[in-house]
Every structure is written in C-alpha cells, then in structure tokens.
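Asks: Let me begin by handing over the structure; questions about it come next.
The values are calculated or read from the model by the stated rules, or taken from the named source; none is laboratory data. It should be emphasised that the depicted structure is a prediction, and the values quoted were computed from it without experimental measurement. Backbone-built Cβ (ideal geometry, glycine too); neighbour counts: all protein chains shown. Ligands, DNA and RNA are stripped out before the accessible areas are found, and what is left, the full protein with its side chains, is counted by its heavy atoms. Shrake-Rupley method; radii C 1.70, N 1.55, O 1.52, S 1.80 Å.
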Amino acid sequence: MELEGVVVAEDPYRYFDWRITYGDIYPLGIRQQGILINGQFPGPDIHSVTNDNLIINVHNDLHDPFLLTWNGLQQRKNSFEDGVYGTTCPIPPGQNFTYIMQVKDQIGSFFYFPSLQFHKAAGGFGGIRILSRPRIPVPFPEPAGDFTILIGDWYKTDHKVLQTILDRGKRLTFPDGIQINGLGRDGAKFTVEPGKTYRLRISNVGLQNSLNFRIQGHKMTLVEVEGTHTIQTTLSSLDVHVGQSYSVLVTADQPAQDYYIAVSSRFTTQILNSTAILHYSNSRKTVSGLPPPGPTTDISWSLNQARSIRTNLTASGPRPNPQGSYHYGQINVTRTIRLANHAGLVDKKQRYAVNGVSFIPADTPLKLADYYNIDGVFKVGSIQDKPAGRKIHLDTAVMGADYRAFVEIVFENRENIVQSWHLDGYSFFVVGMDVGRWSPASKNQYNLIDAVSRCTTQVYPRSWTAIYVPLDNVGMWNLRSQFWARQYLGQQFYLRVYTPVKSFRDEYPIPKNALHCGRAKG
C-alpha cells in the first residue's frame, strides 16, 4: 500500500474519527464552556505502537478555525502534519481535516492539544502513548495497569476572555486552580489492586506553572521521559514543568485504603493545590490526614532532580539496539545558537520575545509558502543566533539551519520566572543546566555520556539550559515557549531545516488532502 508517496505496507494503521464541540465542563467545580472531543474532556487517549500510522479525522464543529498539535510526535519528514499555524492551514468551522501521521521510531508518553488562539485554556487535550513493538524488550516488568494523568493550572475565566485580555496587550492574572484529568479536588480516582505495580504517565498540559506530583505514603520509580527510558530512580515527588511528560511506576504496597495524589504549583508565592485519589480495590477507608506537602519555591532542589534524570544506556529504545549506541557526546558541534527570552512593551502593549524578536503570524502558513515558493511571507534569518538588546521588534521570525547539522542551543533565561521550551520535530539531549550566565567555559560541565533525550526542557530563573540537536528531520519546526500566554504574544519562532536536494528520502511531498489558505489558496 502507498500513502501520500510513502511505502508503509508493513506498518499497521489506526483510525480515529473525532468531533470537536463546545460543552459544559466542571474542572474547578463551576460550569464552564470547554472544548470536547467526541463529548469527552479531556479528549480520548491515543494508544499506538512504534511505527504505527495514525489516521485522525478531525471534524471542527466550533465557530472558530481549529488545529490540534501533537506535543512530542516527531512527524519524521512530514512537518505538514505538525498542526501549528506555521505548518498547517486551520480547519475552518464546519469542515474536517484528516491528519495522516506515522509514529516512526518513537516510544513513550506524550500529549496533544489545540494550538490556535487560546483554545488550550478550554481543553481539547489528551494523552498519547506509543508502546514498544512486541519483541523489543522494555527495562521493567509489564505493569498491571497504565494510567494517563493530565495535570495543569486552570482559569475559571472563559478562554475567549483570556484571549481578549492578551489581545489588548495586558498580562493574565494568576490561575485559579489545578485540574487533574479535567476534574478538581478529589475528583479523579485511580483504582489499584494490592501488591501490583502500575505505570502512571504524567503530563503537564497547563498554561504556565510548573507542578509537583506526589502520592501519599508511596514512592515512585521514574522509568521514562518523553520517549527515553531513564535510569530508574526512586522519588517521593516529581517536578513536571509545562509541556513535559514522565512515566513512573508505583506499587500498591501499603495498607488497603485510599491515598491522596497531590499536585501543587512550584516557584509561586501563592500555592495552587489539588488532589486525586489512589483507591485500593479492597479499601474500606477513605483518605485521611493531610495531603503530603510539596516543595514550594526552592530552585536548587528542582535543579538537582533535573540533573539526576539520566538515560538508561543499556535499555532498548524504539529499536532493539541500546539507547546508548548513539554517542552524541563524540559528534562535533557545527553551530551554537543562544536564545534569550524577555518581556517588554511594543506600542504600549505587552509582548514577549526571543533574541529581541516577537513573533507575528504571517497570512499564509510558512511551510506552504516555502513549498510553493511564495515570496514575501517570511524571511530566513529574521531572527539571529544570539541575544540582541532589550528592545523588542515584531517579525515573522524564521531561523535557517542545514539538514544534518549538529547544533548546540543554549536557552538563556534572564528573568525571574521558570521558562519551558519545546522544539517540534525533534528530541534533543539536555546536556547541561545551571544558575547564572552561560559562557563557553560552561561546556566543561556538560554531560556528554547519558543526558536524557526529550522534547521539552525547563530553564530556571536567571539560569541557562544547553541542548544538543542532530538536525536530521527536514521541515519547518516550531520552537516555542510552553508558557502559553508568552507563546501567544510572540515568544516563538520557526526553525527551517533545509536541504537543496529535493528527494522523498529526505522529505515527503505535501499531503494530497492538505488544506490551502492565505496566499497558497488555489
């Protein structure tokens, strides 16, 4: 069988038919208008296996254009399906679009969410799990159950009101609470059998706040981060920054009763808290005592935990060869890109920028303009490789990069917030992070052996984080702040990974069902 010019006869297909509507939701106990998928909030999980082809037909029954993006799916050679406005035309109201994607050479825990306007504040998100192929070993016994846990800060205010506040150039206030699988305090319940071990896939699908996750009376074993099997470490609590996903194993080895699952905000003076319930199947006793307290504003604890997360070099990844067989630390870096985030006013309105450029969308998705050679939509090089001054200017920022280059990206956070950065199309090696200013001498402390490979990394206040990226995926890729108000007001750009050789071995052709909009219409 041939799919859009790609021969994929040996890999299974999984079909999904989703209808996007508004409906009543109660994440903080009061009725709100939320975005539902097939009547569900959160949306349905996507269950798949390495190399599966996902055919997802999305019907947009909202009054707005709509897109879903797939946080962590690499869309190998296929940025047309990435589902952000720089790559994919929005689905008009009353119409549908079928995403045709392959989870090529991937395993692990990820999630999807709406990428346009401020829809993310209304729901429309769900979990993605990619299992290993049957004969490829996983470095822990098969768990008795597998739970998706989507956590995130939440506003009681309607998402359109929040968007209007941002459109007027104002900042958002502090969120009102935390939702756990779309529910408020003690709303979500996870039932376990005594003595058995379960996998929890935890994703922070919120808008801005890092969250801490813990379970009353239970330890957790970290086993996977965004597609990488980790060295298995025992944790009593775990920091999950915005846009990040983790898998932990939990054994039901305590006396039979109900226990709190506690989630609270990190690095905030006002602490948001919420709870869910871990319910033993033979429990006759409800939760008792207080939820376990979490860390609050301490940066050093979180930084040390982040540094302790390492790749299990001997475990198989999506293929049977060990994860450590790719020796990223022995490859010569061909380019260093330094990215600094900051906030400021442009024409008396709040904006956010990377290297002095605050992103504004073009009238045509950049990938389509590139594919059809439409002049004047964007300019490669409209954002520089290093921080500029404090003055912000508006532009459709696109950075050029060569296919198969091996680059170092240093995120420099000179503000007093915790930043979170995501790169579509890739996993990258988090080789270093520390407080203070980055300098070339900082390379001396890089982990060049077993750094974790992931797609979203945090940067602590007045700190830096360095990543290594093998640019082996041609396309137009969004690099963005996961702090959603900052992304909306310009803290993002596109990385154009380019090769002059036009070959289907390097990049697939535009899908036959691709929507056309802007100057690409007709």
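Asks: Under 8 Å for C-alpha pairs, at least 6 residues apart: give me the relative contact order for region 283-431, rounded to a whole percent.
Replies: Answer for region 283-431 is 24 percent.
Asks: Amide H neighbours of residue 186 under 5 Å, at least 5 residues apart or on other chains, H built in the peptide plane: list them.
Replies: 275, 276
Asks: Explain nothing, just the number: relative contact order of region 145-308, from Cα pairs under 8 Å at least 6 residues apart, as a whole percent.
Replies: Reported relative contact order: 25 percent.
Asks: With a probe of 1.4 Å, find how much accessible area region 188-287 has per residue, and write the answer as a whole number in Å².
Replies: Computed with neighbouring chains in place, this is 31 Å² per residue.
Asks: Tell me the per residue accessible area of region 13-131 using a 1.4 Å probe; a whole number in Å² is fine.
Replies: 28
Asks: Sorted by packing (mean other beta-carbon atoms within 10 Å per residue), highest first, where do 283-289, 116-122 land? Could you put the intermediate results ahead of the total?
Replies: Details: 283-289: 11.9, 116-122: 23.4.
Going from most to least packed, we get 116-122, 283-289.
Asks: Ok, one more. Based on the mean of other Cβ atoms within 10 Å per residue, sort peptides 503-516, 245-258, 134-147 so the most packed one is first.
Replies: Averaged packing, sorted descending, gives the order 245-258, 503-516, 134-147.
Asks: Could I ask something else about it? Where nothing but the Cβ of Lys and Arg (+1) and of Asp and Glu (-1) is charged, how large is the charge dipole of the chain around its Cα centre, in debye to the nearest 20? Write out the running numbers ahead of the final one.
Replies: On the way: 52 positive and 43 negative charges, 218 e Å.
Rounded to the nearest 20 debye, it is 1040 debye.
Asks: While we're here: Summing -39500 (n - 2.57) over the DSSP H runs of n ≥ 4 in the chain and dividing by its residue number, what mean residue ellipticity at 222 nm do you reach, to the nearest 500 deg cm²/dmol?
Replies: That calculation yields -1500 deg cm²/dmol at 222 nm.
Asks: With only alpha-carbon atoms counted, please give the Rg and Dmax of region 361-500, in Å.
Replies: 15.5, 45
Asks: Further, regarding this structure: Assign unit charges at the C-beta atoms only (+1 for Lys and Arg, -1 for Asp and Glu), then state the dipole size of region 13-131 relative to its Cα centre in Debye, rounded to the nearest 20. Present the calculation step by step, with values, prior to reporting the outcome.
Replies: Working: 8 positive and 9 negative charges, 35 e Å.
That gives a dipole near 160 debye.
Asks: Here's a follow-up. When we measure straight from the Cα of residue 156, which aspartates and glutamates land under 14 angstrom away, once same-chain ones fewer than 8 places off are left out?
Replies: Counting by Cα, and skipping residues close in sequence, residue 156 has these aspartates and glutamates nearby: 24, 176.
Asks: Leaving ligands, DNA and RNA out of it, report the carbon-plus-sulfur percent of the accessible area of the chain at a 1.4 Å probe.
Replies: The value for the chain is 50 percent carbon and sulfur by accessible area.
Asks: Any idea what the alpha-carbon Rg over 2.2 N^0.38 Å comes to for region 13-131?
Replies: 1.02
Asks: I would also like to ask the following. Going down the table (367/502; 77/104; 120/189), which pairs top 19 Å between alpha carbons?
Replies: 120/189
Asks: To continue, here is another question. Projecting each Cα onto the charge dipole of region 145-308 (Lys/Arg +1, Asp/Glu -1 at the beta carbon, about the Cα centre), which of 227, 252, 150 comes out farthest on the positive side?
Replies: Looking along the dipole axis, the top candidate is 150.
Asks: Would you kindly derive the ³J(HN,Hα) couplings of region 125-141 from the backbone phi angles with the Karplus curve 6.51 cos²θ - 1.76 cosθ + 1.60 (θ = phi - 60°), listing them in order in whole Hz, with x for Gly and Pro?
Replies: Taking θ as phi minus 60°, the curve returns 10, x, x, 10, 10, 10, 7, 5, 5, x, 8, 9, x, 10, x, 7, x Hz for region 125-141.
Asks: If ligands, DNA and RNA are left out, what is the accessible area of residue 496 with a 1.4 Å probe, given in Å² to the nearest 10?
Replies: Surface open to solvent at residue 496 totals about 40 Å².
Asks: Output the relative contact order of the chain, whole-number percent, from Cα pairs under 8 angstrom with separation of 6+ residues.
Replies: Answer for the chain is 15 percent.
Asks: Going highest first, how would you order 161-172, 81-92, 217-228 by mean Cβ packing within 10 Å?
Replies: The densest-packed peptide leads the list: 81-92, 217-228, 161-172.
Asks: Follow-up question, since we're still on this one. Apply the Karplus parameterisation 6.51 cos²θ - 1.76 cosθ + 1.60, with θ equal to phi minus 60°, to every residue of region 54-65 and state each ³J(HN,Hα) to the nearest whole Hz, in sequence, with x for glycine and proline.
Replies: Those phi angles translate into 9, 10, 10, 8, 10, 9, 8, 9, 7, 8, 10, x Hz.
Asks: What FRET efficiency, computed as 1/(1 + (r/R0)^6) with R0 = 56 Å and r the Cβ-Cβ distance, is obtained for residue 286 and residue 17, rounded to the nearest 0.05?
Replies: 0.90
Asks: Now a separate question. Got a sec to turn the phi values of region 375-389 into Karplus ³J(HN,Hα) couplings, 6.51 cos²θ - 1.76 cosθ + 1.60 with θ = phi - 60°, whole Hz, x for Gly and Pro?
Replies: Per-residue couplings from phi come out as 6, x, 7, 8, 10, 5, x, 6, 9, 8, 7, 9, x, 9, x Hz.
Asks: Give the accessible surface of region 328-498 per residue, rounded to a whole number of Å², with probe radius 1.4 Å and ligands, DNA and RNA excluded.
Replies: For region 328-498, the solvent-accessible area averages 36 Å² per residue.
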